[in-house]
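Visitor: Below you will find the structure I want to go over with you.
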Amino acid sequence: MAGCLVFTKSAGASNPPSVSFGEASPGLRVRVTAPEYLGTDVYHTVYLPVNWQSGGKYPIIVEFAPNYTSSFAGTVEDTHLGFYQSGGTDCIWVTMPTINHQAIPMSNSIYWWGTYNLSVDSFGQAKSAEYLKTNLVRTMEKYGGDPSSVFITGFSRGAIATGYIGLSSNEMADIWLAFLPHSHHDGGSWTPDNGLTRTARVRGRASFITYGQYDGGASNS
C-alpha cells in the first residue's frame with residue numbers, strides 16, 4: 001500500500017476536512033492531545049482515510065506545518081500536503097507539532113522550532129522529535145499504521161523539519177521510507193549546523209525535493 005501517494009486532489013475527498021474534536025473515524029481529521037501534555041496547548045492531528053477499516057494496515061504520512069506568515073497560520077491545522085499526496089484514501093495522515101517550550105502553558109509553535117521567531121532551537125527540536133516518536137508509535141498501534149511505510153513531508157518550515165527533526169538522530173531517521181519536502185530543505189541558511197550530518201542519515205532512501213518558486217527556489221534555498 002505504499003503506492004498511496006497519488007499527488008492529486010481528486011482521488012478521494014476534494015479538500016481536507018476541518019479539524020474537529022472526538023474520536024477519529026474514516027474521512028475525519030481530529031485533534032489529539034498526548035497524555036503527557038494534558039493541560040497544555042500542545043497537540044497533533046490525525047486523519048483516517050475514507051476507506052479505513054479496523055484491523056487494516058495503512059501507510060502513514062507525517063507532516064509538519066509551515067512558518068507563520070501573512071499567508072499561513074503556522075498551525076498543525078494549516079497543512080494540506082499529506083491529504084493531497086494521498087487523495088484522502090489509503091493513507092493515515094498525521095500533522096505533528098513543533099513545541100514552544102517557553103510558553104506557559106507549553107503550546108504548539110507557529111514560529112520555527114520552539115521559541116518566538118528563532119531559526120534554530122535545539123531544545124525545541126529535541127522536544128518536538130521526542131513528541132513525534134512517541135505519538136507516531138501510538139498512532140500506528142491504535143489505527144493500524146504500517147511501520148514499513150512511513151513518509152515525512154512539509155512545506156517551507158515543514159520542509160526543513162523533514163530533516164531538522166526527521167533526521168535529528170539515527171533512531172529517528174530509521175522511521176522513514178521516504179522524504180517529501182516542498183520549498184526549502186534542511187541544512188541551508190536556516191539550519192546550517194550539522195545539516196550535512198543529518199542529510200547523510202537519509203542513507204539512500206527516496207528523497208523527492210520540490211520547489212514552487214519562479215526560479216526553482218534558488219533565491220532562498
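The values are calculated or read from the model by the stated rules, or taken from the named source; none is laboratory data. Because the structure is a prediction, the values reported are computed rather than measured. All Cβ positions, even for glycine, are placed from backbone atoms using ideal geometry, and neighbour counts span all protein chains on display. All accessible areas refer to the heavy atoms of the entire protein, side chains included, with ligands and DNA or RNA removed. Shrake-Rupley method; radii C 1.70, N 1.55, O 1.52, S 1.80 Å.
Visitor: Under 18 Å from a point placed 7 Å out from the Cα of residue 41 along the Cα-to-Cβ direction: which residues of the range 84-106 have their backbone N that close?
Guide: It comes to 96-106, nothing else.
Visitor: With all protein chains present, how much of the accessible area of the chain (probe radius 1.4 Å) comes from carbon and sulfur, to the nearest whole percent?
Guide: 55 percent
Visitor: About the Cα centre, and with charges only on the beta carbon of Lys, Arg (+1) and Asp, Glu (-1), how big is the dipole of the range 118-209? Nearest 20 debye, please.
Guide: 80 debye
Visitor: Let me ask something else about it. Taking a quarter of the surface of the convex hull around the Cα atoms of the chain, what do you get in nm²?
Guide: 11.5 nm²
Visitor: Then there is this: For the pair residue 15/residue 33, report the inter-label distance in nm, with labels modelled 7 Å from Cα in the Cβ direction.
Guide: 2.8 nm
Visitor: For every helix of n ≥ 4 consecutive DSSP H residues, a contribution of -39,500 (n - 2.57) applies; sum these over the chain, divide by its total residues, and give [θ] at 222 nm rounded to the nearest 500 deg cm²/dmol.
Guide: Taken over the chain, the calculation gives -6000 deg cm²/dmol.
Visitor: Also: Quick check: residue separation of residue 199 and residue 130 times 0.36 nm, minus the Cα distance between them. What number comes out in nm?
Guide: Extra length available between residue 199 and residue 130 comes to 22.9 nm.
Visitor: Leaving out ligands and nucleic acids, and using a 1.4 Å probe, what accessible area per residue does the chain come to in Å²?
Guide: For the chain, the per-residue accessible area is 44 Å².
Visitor: I would also like to ask the following. State, to one decimal in nm, how far the label point of residue 103 lies from the label point of residue 50, with both points 7 Å from Cα in the Cβ direction.
Guide: 3.3 nm
Visitor: If you place +1 on the Cβ of every Lys and Arg, -1 on the Cβ of every Asp and Glu, and leave all else neutral, what size is the dipole of the chain about its Cα centre, to the nearest 20 Debye?
Guide: 260 debye
Visitor: To check my understanding: the extent here is largest minus smallest coordinate of the Cα atoms along each principal axis. What are those three numbers for the range 8-84, in Å, largest first?
Guide: So the three principal-axis extents are 32, 31, 19 Å.
Visitor: Now for a different question. Taking all pairs of different Cα atoms in the range 31-123, averaging 1/r and flipping that mean, what Kirkwood radius in angstroms comes out?
Guide: Result for the range 31-123, one decimal place: 14.2 Å.
Visitor: Starting from the amide H of residue 109, placed 1.01 Å from N in the peptide plane, find each other amide H under 5 Å away whose residue is 5 or more places distant or on another chain.
Guide: For residue 109, whose amide H was placed from the backbone, the distant partners under 5 Å are 98, 99, 100.
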